[in-house]
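Trainee: I have a structure here, written as structure tokens, and I will follow up with some questions on it.
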Amino acid sequence: MIEAPPTVIVIDDDPAVRDALGNLLRSVGLLAKLHGSVPEFLKAGRPDGPTCLVVDVRLPGQSGLDLQRELPQAGIHLPIIFITGHGDIPMSVQAIKGGAIEFMTKPFRDQDLLDAIQLGLARDRTWRENEKAIAELRARFDSLTQREREVMALVVKGRMNKQIAGQIGISEITVKVHRGQVMRKMGAASLADLVLMADKLKPTEV
């Protein structure tokens, strides 16, 4: 499947800054979405492909730092680069501690911003790939019967077939059958594979 093109979202209340950044991004072949406020961005929604946010710290209404706090609460993962004309050290520390890629004071070098954007897009691409892999893993887990899930939970804890049989009250032969079904449905080539899969599904599943 072809990946959607990467997009850089700019949120800045200064039209001149938005236009300048939009021109810069398009000049290097990046798709730019320009917004004047956080509500405008939230209303537009996020693109399908890898995405990076370039956000002014000081905005009318919700600030860039407000947005940084609220995105994870809404279940939205997006790398953020902060830009500001009036930054201070406490503000930059708060932004970086919150996971920002970079905190840049205007005026900044175009190349420095582009480098930070490429890092942000790479991180988002990796995050999306991981999320897709976990979703596929969860779909496999969901295909297991309740008994197969019970067996899997004990197998990944290192229990032997005889121990599992005694613990859940079925025959050892039946445990072997369920264990084989678990390995097949999960696509695990070995016990080590299965343990790794279970670890990725924790804490909500296995």
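Trainee: Using only the Cα atoms of region 83-179, construct the convex hull and provide its projected area averaged over every direction, in square nanometres to one decimal.
Mentor: Working: hull surface 39.3 nm².
Value for region 83-179: 9.8 nm².
Trainee: ASP88 to ASN130: FRET efficiency via 1/(1 + (r/R0)^6), r the Cβ-Cβ distance, R0 45 Å, to the nearest 0.05? Mind dumping the intermediate values first?
Mentor: On the way: r = 35 Å, r/R0 = 0.77.
Here the calculated transfer efficiency is 0.85.
Trainee: Still on this model: Report the calculated FRET efficiency for LYS200 and ASP13 (r = Cβ-Cβ distance, R0 = 30 Å), to the nearest 0.05.
Mentor: Working: r = 41 Å, r/R0 = 1.37.
Here the calculated transfer efficiency is 0.15.
Trainee: With springs connecting C-alpha atoms under 10 Å apart, model the chain as a Gaussian network and identify which of LEU78, LEU21, LEU144 has the largest mean-square fluctuation.
Mentor: Ranking LEU78, LEU21, LEU144 by mean-square fluctuation puts LEU144 first.
Trainee: Between their Cα atoms, which of LYS43/LYS106; LYS132/LYS185; LYS132/LYS202; LYS43/LYS202 are more than 25 Å away from each other?
Mentor: Working: LYS43/LYS106 27 Å; LYS132/LYS185 18 Å; LYS132/LYS202 16 Å; LYS43/LYS202 33 Å.
With Cα atoms farther than 25 Å apart: LYS43/LYS106; LYS43/LYS202.
Trainee: For the chain, compute Rh as the Kirkwood radius over C-alpha pairs and then the Stokes-Einstein diffusion coefficient at 37 °C and 0.692 mPa s; write the answer in µm²/s, rounded to an integer.
Mentor: Numbers: Rh = 20.0 Å.
Calculated translational D: 164 µm²/s.
Trainee: Treating each Cα of region 5-125 as an identical point scatterer and ignoring solvent, apply the Debye formula and state log10 I(q)/I(0) at q = 0.22 Å⁻¹.
Mentor: With one equal scatterer per Cα and no solvent, log10 I(q)/I(0) is -1.46.
Trainee: Continuing with this model, one more query. Taking 0.36 nm per intervening residue step and subtracting the Cα-Cα distance, what contour gain separates GLU3 from THR174 on full extension? Mind showing how you got there, number by number?
Mentor: Details: separation 171, 0.36 × 171 = 61.56 nm, distance 4.36 nm.
Using 0.36 nm per residue and subtracting the Cα-Cα distance, I get 57.2 nm.
Trainee: Quick one: if the Förster radius is 35 Å, what FRET efficiency do GLU40 and ALA139 give, using the C-beta to C-beta distance and rounding to 0.05? All intermediate terms of the calculation are to be shown ahead of the outcome.
Mentor: Details: r = 35 Å, r/R0 = 1.01.
Once rounded, the FRET efficiency stands at 0.50.
Any read-out appearing in this document is the output of simple, stated calculations on the displayed coordinates, not a laboratory observation. In this text, all values refer to a predicted model and were calculated from it rather than measured experimentally. Backbone-built Cβ (ideal geometry, glycine too); neighbour counts: all protein chains shown.
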